[in-house]
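The values are calculated or read from the model by the stated rules, or taken from the named source; none is laboratory data. Keep in mind that this is a model prediction, so the values were computed, not measured. All Cβ positions, even for glycine, are placed from backbone atoms using ideal geometry, and neighbour counts span all protein chains on display.
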Amino acid sequence: MGIRVLRLSLVVILVLLLVAGALTALLPSVKEDKMLMLRREIKSQGKSTMDSFTLIMQTYNRTDLLLKLLNHYQAVPNLHKVIVVWNNIGEKAPDELWNSLGPHPIPVIFKQQTANR
């Protein structure tokens with residue numbers, strides 16, 4: 001029984017080596033001139049306004065949810081800025097609270113409304 005297991009193991013290993021060798025032969029050569037011609041496009045560090053967008057959101061009396069959403073939106077690619085329309089007339093917009101939480105990569109602008117229609 002031990003010899004059969006050993007034989008089976010050797011056959012499996014040989015088959016795996018043959019398959020790996022065949023797959024390796026399909027890979028392109030590193031020395032091909034085509035590989036030297038390919039270059040990755042270097043993206044500029046600044047964001048173009050043509051490639052970005054502005055998020056406008058309305059809110060009313062939901063400061064906790066607003067702060068969570070603003071944190072989430074900070075990681076959205078190509079987001080240029082966020083404008084928050086603050087519809088709670090009786091309460092001040094939480095812009096000071098948002099700014100106190102640290103520097104943010106995406107600017108957030110709060111627009112206080114004088115009437116809620």
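Numbers below:
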read-out: Residue count for segment 68-110, restricted to those that are surrounded by 13 or more Cβ atoms within 10 Å (Cβ to Cβ) and of a type in the set (Lys, Arg); value: 1
read-out: Cross-chain or 6+ apart pairs with Cβ under 9 Å, segment 77-96 first and within 15 Å of Ile56 (Cα to Cα) and touching a residue at least 12 places away in the same chain (Cβ under 8 Å), then aromatic (Phe, Trp, Tyr) and in a loop (DSSP other than H, G, I, E, B); value: Trp86/Tyr60; Asn87/Tyr60
read-out: Positions within segment 62-98 being in a loop (DSSP other than H, G, I, E, B) and charged (D, E, K, R), in sequence order; value: Arg62, Glu91, Lys92
read-out: Unique residue being at pLDDT 50 or above, in a loop (DSSP other than H, G, I, E, B) and farther than 30 Å from Pro77 by Cα when the list is Leu23, Leu27, Leu17, Leu8; value: Leu27
read-out: Any hit, segment 35-53, residues being at pLDDT 90 or above and under 26 Å from Gly102 (Cβ atoms); value: yes
